[in-house]
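Asker: Next up is a structure, given as structure tokens.
Readers should treat all values here as calculations from the given coordinates under stated rules, not as data from a laboratory. Quick caveat, the model's predicted, so the values are computed rather than measured. Cβ: placed from backbone, ideal geometry, glycine included. Neighbour counts: every protein chain shown.
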Amino acid sequence: MSHDTPYILVLYYSRSGATREMARQVAAGVERVAGIEARLRTVPAVSPTCEAVESEIPEEGAIYADHDDLRHCAGLALGSPTRFGNIAAPLKYFLDTTSGLWMNGALIDKPATCFTSSSSLHGGQESTLLTMLVPLLHHGMVYAGIPYSETELIETRSGGTPYGASHVAGARADRSVDEHERALCVAQGQRLARLSLALHAMRAEKRT
Ligand SMILES: Cc1cc2nc3c(=O)[nH]c(=O)nc-3n(C[C@H](O)[C@H](O)[C@H](O)COP(=O)(O)O)c2cc1C
């Protein structure tokens, strides 16, 4: 990856792998757009034992994000499992460490989107996506969902919402990302990449 090429930060947390698979599909959508790249990152689990620390390199999936990944991104795709209809604590914990970026306005005018996986069809995907976007609006980001021109939004019998891609993993977490869910992940990544390039150019023009 060139240092100058704008990138989308695809930041996710996943315990059983469903959100990680969605993150890969969103990244595949980003990579379909010329001139911008995807950077996959995760966050460590949090523990009620405050002294517990994770190893620096996760056992599987992407490496851990740091503030610079967020500071320098052209756009953000944020993925979380649905946890009681809300964002998972490890991602919230990471976001709660970003007040320095907020004070510097580092994310203002950058596009963002969210995606989630839940075990049940009506188990709170929409509320999760809507609550995930709130801190991003505080950061001054521009939220991009999925428009209904993506016809899978109407055809799906599983995940997929206008607020962001979603996946129904099933009670045993054994349902893989299906055709409609995957198409919406890819479309979401592609759209975010296009918007991020446009706003990246706009910010560059403003600086000159
Ligand atoms: C603490 C906790 C809370 C959960 N809350 C919900 C929920 O509100 N609705 C739902 O459908 N699934 C819920 N789930 C299931 C996960 O959202 C689901 O298994 C998801 O696919 C996990 O994603 P992952 O494979 O990326 O870890 C919950 C799981 C845990 C551990």
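Asker: Using +1 on the beta carbon of Lys and Arg, -1 on that of Asp and Glu, and nothing else charged, what's the dipole of the range 39-94 about the Cα centre, debye to 20? Walk me through the numbers before you get to the answer.
Answerer: Details: 5 positive and 8 negative charges, 76 e Å.
The calculation lands at about 360 debye.
Asker: Please rank Thr131, Thr208, Thr161, Thr5, fewest neighbouring Cβ atoms within 10 Å first, as an exposure proxy.
Answerer: Details: Thr131 16, Thr208 4, Thr161 20, Thr5 10.
Starting with the residue having the fewest Cβ neighbours, the order is Thr208, Thr5, Thr131, Thr161.
Asker: How about the range 155-205: which trypsin sites (Lys or Arg not before Pro) there are in a DSSP loop, with at most 15 other Cβ atoms within 10 Å of their Cβ? Can you show the working numbers first?
Answerer: Details: sites: Arg157, Arg172, Arg175, Arg182, Arg191, Arg194, Arg203; in loops: Arg157, Arg172, Arg175.
Loop-located and lightly packed - Arg157, Arg172.
Asker: A follow-up question, please. Where Lys and Arg each count +1 and Asp and Glu each count -1, what net charge lies around Pro162 among other residues with Cβ under 15 Å from its Cβ?
Answerer: For residues surrounding Pro162, the net value is -4.
Asker: So, with +1 on the Cβ of K and R and -1 on the Cβ of D and E, and no other charges, what is the size of the charge dipole of the range 65-184 about its Cα centre, to the nearest 20 debye?
Answerer: Values: 8 positive and 13 negative charges, 59 e Å.
About 280 debye.
Asker: Rounded, prolate or oblate for the chain? Axes are the square roots of the Cα gyration tensor eigenvalues, ordered a ≥ b ≥ c, and the cut-off for rounded is a/c under 1.5. Provide the component values of the computation, followed by the final result.
Answerer: Numbers: a/c = 1.62, a/b = 1.13, b/c = 1.43.
Since a/c reaches 1.5 but b/c is at least a/b, the shape of the chain is classed as oblate.
Asker: Looking at the range 86-177, which GluC sites (Glu not before Pro) are DSSP coil and have at most 11 other C-beta atoms within 10 Å of their C-beta? Intermediate results must be reported in sequence, preceding the final value.
Answerer: Values: sites: Glu126, Glu150, Glu152, Glu155; in loops: Glu150.
For GluC sites (Glu not before Pro) across the range 86-177 that sit outside H, G, I, E and B with at most 11 neighbouring Cβ atoms in 10 Å, the list is empty.
Asker: Still on this model: Taking the Cα centre of the chain as origin, work out the dipole magnitude from +1 charges on Lys and Arg Cβ and -1 charges on Asp and Glu Cβ, in debye rounded to 20. Can you show the working numbers first?
Answerer: On the way: 19 positive and 23 negative charges, 85 e Å.
Roughly 400 debye, rounded to the nearest 20.
Asker: A further question follows. Give me the Kirkwood hydrodynamic radius of the range 97-208 in Å, from all C-alpha pairs, to one decimal place? Please list the in-between numbers first.
Answerer: On the way: mean 1/r = 0.0659 Å⁻¹.
Final number for the Kirkwood radius of the range 97-208 is 15.2 Å.
Asker: Let me ask you something else. Could you calculate the FRET efficiency of Ile154 with Ala201 from 1/(1 + (r/R0)^6), where r is the beta carbon distance between them and R0 is 45 Å, rounded to 0.05? Provide the component values of the computation, followed by the final result.
Answerer: Numbers: r = 33 Å, r/R0 = 0.72.
Taking R0 as 45 Å, the efficiency between Ile154 and Ala201 is 0.85.
Asker: So, one more: For an R0 of 25 angstrom, estimate the FRET efficiency from the Cβ-Cβ distance between Glu31 and His72 and round to the nearest 0.05. Could you put the intermediate results ahead of the total?
Answerer: Numbers: r = 18 Å, r/R0 = 0.73.
That pair, Glu31 with His72, gives E of 0.85.
Asker: Can you pull the semi-axes for the range 162-208, root of five times each eigenvalue of the Cα gyration tensor, sorted largest first, whole Å?
Answerer: On the way: eigenvalues 238, 17, 10 Å².
Semi-axes (√(5λ), whole Å): 35, 9, 7.
Asker: In the neighborhood of Ser196, defined by Cβ-to-Cβ distances under 14 Å, what is the net charge if each Lys or Arg adds +1 and each Asp or Glu adds -1? The partial results should precede the final answer.
Answerer: On the way: positive: Arg32, Arg39, Lys110, Arg191, Arg194, Arg203; negative: Glu31, Glu37, Asp109.
Net local charge, Ser196 excluded: +3.
Asker: Another question, if that's okay. Under the rule a/c < 1.5 gives rounded, and otherwise a/b versus b/c splits prolate from oblate, where does the range 31-82 land using the Cα gyration tensor? Before the final figure, lay out each step's value.
Answerer: Details: a/c = 2.33, a/b = 2.24, b/c = 1.04.
Prolate shape, in that a/c is at least 1.5 and a/b is the bigger ratio.
Asker: Where the centroid of each part is defined by its Cα atoms, how far is the range 1-61 from the range 119-142 in Å?
Answerer: Measuring centre to centre over Cα atoms gives 18 Å.
Asker: For the range 1-77, run through the GluC sites (Glu not before Pro) and keep only the ones in DSSP coil with at most 14 other Cβ atoms within 10 Å of their Cβ.
Answerer: Working: sites: Glu21, Glu31, Glu37, Glu51, Glu54, Glu56, Glu59, Glu60; in loops: Glu51, Glu54, Glu56, Glu59, Glu60.
Sparse-neighbourhood loop GluC sites (Glu not before Pro): Glu51, Glu54, Glu56, Glu59, Glu60.
Asker: If I model a spin label as a point 7 Å beyond the Cα along the Cα-Cβ vector, how far apart are those points for Ser47 and Thr97 in nm?
Answerer: In this crude label model, Ser47 to Thr97 measures out at 1.5 nm.
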